[in-house]
Amino acid sequence: MQIFDAIIIGAGFSGLYQLHSLRDKLGLKVKVLEAGEGVGGTWYWNRYPGARCDTESKAYSYYFSKELYEEWNWSERYPTQPEIEKYLNFVTDQLNMRKEIQFNAQVTDLIFDENRHIWRVLLKNKEQYFAKFVISAVGCLSFANVPTIPNRDLFRGEVYHTGNWPKKNPNLKGKKIGVIGTGSTGIQVIPEVAKLAKKLIVFQRTPNYSVPANNYKLTEADQIRANEEFDKSKQLMLQHRGGHPWKHSNKAAKKTNPVERTKLYEKAWDNGGLSFRDTFSDLSVDLESNNTASNFIKDKIKSIVHDHHTADLLTDFDHPFGSKRPPIDTNYYETFNRKDVELINIRNNPIESFVSNGIKTSKQHYELDVMIFATGFDALTGTLLNMNIEGNNNIKLKNVWKSGPITNLGLLIPNFPNLFLITGPGSPAVLTNMPRAIEQHVEWISECIHFMITKNYQTIETTSKAADKWGNTVQDAVNDTFFLSAKHSWYLGGNIPNKPKVFIPYAGGLNKYRKLCDMVALAKYDEFIFTEEK
Ligand code: N01
């Protein structure tokens, strides 16, 4: 029986760097199991029209190797899905990693053998592998949330979810298309689909605050500057709570006079992108300040959208700005000025069922050839809980996490020895520029495994007490913010019926989290239990 030192599940940003770290830095025998036909993870599956990253390309790259960074040139300020997929293939080949990756390998079960201290990993095709360590690199937004609308079988048209978009792009030209969902994904897909459709109907339940991306092509001079600024950018990202390459503002909106405040919002709006959230220091903690941002965005939307009724629907916000992940867009609001685009409020006119040629709401019937669900994900826990994961005494993760995920630092789960999570629940991951969070996790995990090897340790496990303590830290961090006021947000599990309503990520900032993780390593992981190699 062949036993790997480590099995990594997933070949996206996390899995690839974890493979490189364990294989090339620690010399371990590693296998990566990937459900898709290629590398990319999130960026393999989310190939819908308009898919692109909201983080700027020069920051949405690996920073563990300056050489690698300099060898790749991004073409636009924000990278498109095809370009990110290409980048991850480039990294895979540059580091010669393809041979360790098995594609079309969907993991169904992870079962810990307590006697032998190894994990048995089962695939959908019934193959099985064994490994001392398992590292979950399954991504945070990888389990599609597909609403259950009655009579789907009756509908004669096509149905797609943006998170499982077909590799062969469907032909949408000249069709009557419906889109459900106006989160970051819907806001990206809607303007692109509108260009192709004969008629586009957007079914909106909750409007979202969106800021212009202000995308542009990068020049050769931009590339040279990005390379020259590699170290400076890295430092900025390490200091930023969200892992982004800019400084936090130290100005409170409330304490800034209204003329100056509007000037600063205008500047941030023109610059575009996620940094708008950091225009002032108090937007996520002071409602009065938050309202100044919210009203500014509302006025902008109303100045763009010609039809008053549509503009009112697009600005009927039910949560403070930033309490849900704020999207950025290219021509989202402008799209509603097209004659062939209609916005339907499904909050007071809910979708009741599919019919053979479209969809029926409580008030009306809409003819459609294609329905696109941009309805998001069972985030952070969905993919993990979709596998059968059994730890000590065959205890099932499904049962342990019945009332919400329990982890220590988002990295380890009590009773599941040697199972590490990259960007797991309880980590700051989804509140950050993901590659920065991923690099921090991978490096921490690799260092921990290295420590175990040098000490001849067989297993590592966190105690329930330490995990409960971390759970309280996660709760305390969110209590200082507005995140809890967005009741339906996926951060809170609010988008999935019957999911426990607990705030899942750590909201204390990646910079602070990194220090906490470093302290644990410096203290030689004294919060963890190790067993020695027999
Ligand atoms: O998903 P979402 P997403 N009936 O959950 C609606 C990342 N991302 O895929 O708000 C009707 O945010 C739902 O309505 P409501 C980013 O972190 C990154 O857009 O619940 N509507 C909402 O409008 C983001 O936050 C990039 O009332 C239903 C929408 O569907 C995360 O992915 C790009 C419904 C879902 O919004 C998820 O974004 C894109 C139902 N039954 C995404 N169920 C980057 O650039 C859901 N909705 C990196």
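Just to be sure, is W444 away from the ligand (no atom under 16 Å from the Cβ) and under 21 Å from S21 (Cβ atoms)?
When the stated conditions are applied, W444 passes them.
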The number of residues in region 6-56 that are under 21 Å from G424 (Cβ atoms) and assigned to a strand (DSSP E or B) is 8
Kindly list the number of the only condition in (1) out of contact with any Phe, Trp or Tyr (no Cβ under 8 Å at 6 or more places or on another chain); (2) assigned to a helix (DSSP H, G or I); (3) within 16 Å of the ligand (Cβ to nearest atom) that fails for T185. (1)
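Results for (1) touching a helix residue (DSSP H, G or I) at 6+ places or on another chain (Cβ under 9 Å); (2) farther than 30 Å from K515 by Cα; (3) open to solvent by 50 Å² or more (accessible area, probe 1.4 Å), shown as yes or no for each residue.
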position: E220; (1), (2), (3): no, yes, yes
position: R225; (1), (2), (3): no, no, yes
position: K232; (1), (2), (3): no, no, yes
position: D278; (1), (2), (3): yes, no, no
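Restricting attention to region 378-387, and to residues there that are within 16 Å of the ligand (Cβ to nearest atom) and either aromatic (F, W, Y) or assigned to a helix (DSSP H, G or I) (or both), which single residue is most open to solvent (accessible area, probe 1.4 Å)?
Taking region 378-387 first, the residues within 16 Å of the ligand (Cβ to nearest atom) are 378-383.
With the extra rule that they be either aromatic (F, W, Y) or assigned to a helix (DSSP H, G or I) (or both), the set shrinks to 382-383.
Details: G382: 6, T383: 32 Å².
Filtering first and then ranking leaves T383.
Only residues that are touching a residue at least 60 places away in the same chain (Cβ under 8 Å) and within 26 Å of R116 (Cβ to Cβ): list them for region 412-443, please. If you could, list the steps in order and put the result at the bottom.
Within region 412-443, the subset touching a residue at least 60 places away in the same chain (Cβ under 8 Å) is 412, 416-443.
If the condition is that a residue be touching a residue at least 60 places away in the same chain (Cβ under 8 Å) and within 26 Å of R116 (Cβ to Cβ), then L412, F416, P417, N418, L419, F420, L421, I422, G424 are the ones that fit.
Report whether or not Y62 is within 23 Å of Q235 (Cα to Cα) and open to solvent by less than 20 Å² (accessible area, probe 1.4 Å).
Details: within 23 Å of Q235 (Cα to Cα): yes; open to solvent by less than 20 Å² (accessible area, probe 1.4 Å): yes.
When the stated conditions are applied, Y62 passes them.
Looking at E390, E334, which is the one that is of a type in the set (D, E), open to solvent by 40 Å² or more (accessible area, probe 1.4 Å) and either closer than 28 Å to D109 by Cα or touching a residue at least 40 places away in the same chain (Cβ under 8 Å) (or both)?
Selected residue: E334, the only one of E390, E334 that is of a type in the set (D, E), open to solvent by 40 Å² or more (accessible area, probe 1.4 Å) and either closer than 28 Å to D109 by Cα or touching a residue at least 40 places away in the same chain (Cβ under 8 Å) (or both).
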Among residues of region 453-479, those that are part of a loop (DSSP other than H, G, I, E, B) and open to solvent by less than 80 Å² (accessible area, probe 1.4 Å), counted: 1
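For (1) within 16 Å of the ligand (Cβ to nearest atom); (2) open to solvent by 30 Å² or more (accessible area, probe 1.4 Å); (3) out of contact with any Pro (no Cβ under 7 Å at 6 or more places or on another chain), each residue gets a yes or a no:
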position	(1), (2), (3)
G139	yes, no, yes
I177	yes, no, yes
E192	yes, yes, no
Y209	yes, no, no
N215	yes, yes, yes
E228	no, yes, yes
In contact with a strand residue (DSSP E or B) (Cβ under 9 Å, 6 or more places away or on another chain), within 19 Å of G36 (Cα to Cα), within 16 Å of the ligand (Cβ to nearest atom) and aliphatic (A, V, I, L, M): is that true of A51 in this structure? yes
Working only within region 343-377, note down all residues that are among the aliphatic types (A, V, I, L, M), more than 13 Å from the ligand (Cβ to nearest atom) and either in a strand (DSSP E or B) or touching a Leu at 6+ places or on another chain (Cβ under 8 Å) (or both). V355, V370
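Residues checked against (1) farther than 13 Å from P49 by Cα; (2) within 14 Å of the ligand (Cβ to nearest atom); (3) of a type in the set (S, T, N, Q); (4) assigned to a loop (DSSP other than H, G, I, E, B):
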{"position": "Y129", "(1), (2), (3), (4)": "yes, no, no, no"}
{"position": "S142", "(1), (2), (3), (4)": "yes, yes, yes, yes"}
{"position": "V159", "(1), (2), (3), (4)": "yes, yes, no, no"}
{"position": "N171", "(1), (2), (3), (4)": "no, no, yes, yes"}
{"position": "I201", "(1), (2), (3), (4)": "yes, yes, no, no"}
Residue in region 280-302 that is part of a loop (DSSP other than H, G, I, E, B), among the basic types (K, R) and over 17 Å from G322 (Cβ atoms) present: no
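The values are calculated or read from the model by the stated rules, or taken from the named source; none is laboratory data. What you are looking at is a predicted structure, and each value in this text was computed from that prediction instead of being measured. Using ideal geometry, Cβ is built from the backbone for each residue, glycine included, and neighbour counts are taken over all protein chains shown. In case anyone asks, the SASA skips ligands and DNA or RNA and just uses the protein heavy atoms, side chains included. Shrake-Rupley method; radii C 1.70, N 1.55, O 1.52, S 1.80 Å.
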